[in-house]
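What follows is a single structure, written as C-alpha cells, with notes after it.
The values are calculated or read from the model by the stated rules, or taken from the named source; none is laboratory data. Just so you know, these numbers come straight off a predicted model, no measurement behind them. Glycine also receives a Cβ, built like all others from the backbone with ideal geometry; neighbour counts cover every protein chain displayed.
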Amino acid sequence: MAPSQISDDELGEIYTFAIQLGKDAGKMLMDAARLRMSGSEGVQKFEEKENAVDIVTKTDTDVEAFIHKSIAEKYPHHKFIGEETYSAGASKDYLITRDHPTWCVDPLDGTVNYTHLFPMFCVSIALCLDGIPVIGVIYAPFLNQLFTACRGRGALLNETQRLPLIRDSPIPPAAPKGCVFSCEWGKDRRDPAKGEGGNLGRKIESFVNMAVELGGRDGKGGMVHGVRSLGSATLDLAYTAMGSFDIWWEGGCWEWDVAAGVAILLEAGGLVTTANPPENYETAEIPDVRLGSRLYLAIRPAGPSETETARQSQERVVREVWKRVTALDYARPGA
C-alpha cells in the first residue's frame, strides 16, 4: 500500500502503537536513570561522536534497538531511520523519501542532559508519509510529559490536554517583544573571538539581537521576555506546540531531531519554516518546512486578533525574526 493510501483507521492503529512504543521506550530511559540514582551504577559512560558535546550512551543504542525491533515486527514493510544506527555508518546526503512509510526515531534526545540527570531528555518517535511527519510521539519520562499528535486528530499532552494549553492566544503585537525565544548552542564550538567563523558566533550574534532593548543593535533589538535553551530540539518544538515558547530558531538538526516535534507543532496549529532569511525577506513567500533542511524556525499556535488572522500574525513574527538573525551555515554532507 502506498503511503498516501493508508486509511484513517490504519493510521489510528499505528498512532496507538506509536504511543505505547514511546511509553515503553521512555520507561527504559527512566529505569536506567534510576539505577544511577540508586547508586547501582557509577558515572554514566558515554562515547564522543563529532566532539565532546556530541555523545552517545549505551542507553541510546539499547533503546533504539528495542524501538527498531518492535517496529520491524509490527510493520515489516516500513522503513526505519534512527539516530544511532544511522550515525554509525550511513552517509548523510539524503532526505526522507516519499515512496515508503518511514519511521524517524531519536531514542534519547538530550543525551548530554541525560548524562547529567537534567530532566530535559526524551524519546522521540515519528512516522512520515509522503515525506511529511504525520504522527509524533515525544515522551519525557523524568517530567512525566507525553506529547502526541496524529494528522487530523489534534495534538495532546498526556493524552487528555489539547495543545496549545491556552487556546486562541494572540501573538504580542510588537513581537518578538514580549515573546519567549528558544534556541540551542549547538555542536559547533569554534571560538568566534579567534576569527574561526562557524555557527556559534552567528548564533551568539542572533541571540543578542533578540534579547537587547528595542532600538538597540542598529534597530535589531528584539526585547524578548527571555531566551531559553533546553538542550533538546524535539522538546523545544513540543514546548512551542504547548504555547510555552513563542519562537524556536535553530540550525544543524537532523531529521530525527525534529520529525516528531514538527508533527506535533503543526497539528497544534503552529508554523514551521526555514531559519535563514531569504532575499527580500520582507515580502518573500514564507515556505513550509522541508524535513531534512537542517534549518528551522517555528512559531507557536496563535489566535486571531482584531487586525490579523492567526496565520498573518505568525508570518509577521517570522519576518521580524528573519530581520534579527544571522544566516546559519548548515548543509547536508555531499549536497
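Per-structure values
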quantity: Members of segment 62-84 found to be crowded, with 18+ Cβ neighbours inside 10 Å and either assigned to a helix (DSSP H, G or I) or in contact with a Cys (Cβ under 7 Å, 6 or more places away or on another chain) (or both), listed by number; calculated: Val63, Glu64, Ile67, His68, Ile71, Ile81, Glu83, Glu84
quantity: Only one of Phe121, Phe147, Phe181 that is in contact with a Phe, Trp or Tyr (Cβ under 8 Å, 6 or more places away or on another chain) and within 27 Å of Asn209 (Cβ to Cβ); calculated: Phe181
quantity: Total residues in segment 143-155, condition among the hydrophobic types (A, V, I, L, M, F, W, C) and either surrounded by fewer than 24 Cβ atoms within 10 Å (Cβ to Cβ) or not assigned by TED's automatic domain parsing to the domain that holds Leu117 (or both); calculated: 2
quantity: Considering residues of segment 49-100 that are under 19 Å from Cys253 (Cβ atoms) and acidic (Asp, Glu) only, the residue modelled with the lowest pLDDT; calculated: Asp54
quantity: Residue selected from segment 311-330 under the condition touching a residue at least 60 places away in the same chain (Cβ under 8 Å) and over 30 Å from Arg189 (Cα atoms), by the criterion surrounded by the most Cβ atoms within 10 Å (Cβ to Cβ); calculated: Gln314
quantity: Residue match in segment 138-148 (condition: touching a Ser or Thr at 6+ places or on another chain (Cβ under 9 Å) and β-branched (Val, Ile, Thr)); calculated: yes
quantity: Some residue of segment 226-237 being modelled with pLDDT of 95 or more, surrounded by fewer than 23 Cβ atoms within 10 Å (Cβ to Cβ) and either assigned by TED's automatic domain parsing to the domain that holds Glu83 or more than 16 Å from the chain's Cα centre (by Cα) (or both); calculated: yes
quantity: Residue list for segment 257-304, restricted to those being among the aliphatic types (A, V, I, L, M), part of a loop (DSSP other than H, G, I, E, B) and touching a residue at least 24 places away in the same chain (Cβ under 8 Å); calculated: Ala275, Ile286, Val289, Leu291, Ala302
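Table: residues versus (1) closer than 26 Å to Asn199 by Cβ; (2) surrounded by 21 or more Cβ atoms within 10 Å (Cβ to Cβ); (3) at pLDDT below 95.
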| residue | (1), (2), (3) |
| --- | --- |
| Val262 | yes, yes, no |
| Leu265 | yes, yes, no |
| Gly269 | no, yes, no |
| Thr273 | yes, yes, no |
| Ala284 | yes, no, yes |
| Ser293 | yes, no, yes |
| Tyr296 | yes, yes, no |
| Pro304 | no, no, no |
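Residue-by-condition table, conditions (1) over 20 Å from Leu271 (Cβ atoms); (2) among the aromatic types (Phe, Trp, Tyr); (3) assigned by TED's automatic domain parsing to the domain that holds Glu250:
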position	(1), (2), (3)
Pro141	yes, no, no
Leu157	no, no, no
Ser169	no, no, no
Ala175	no, no, no
Gly186	yes, no, yes
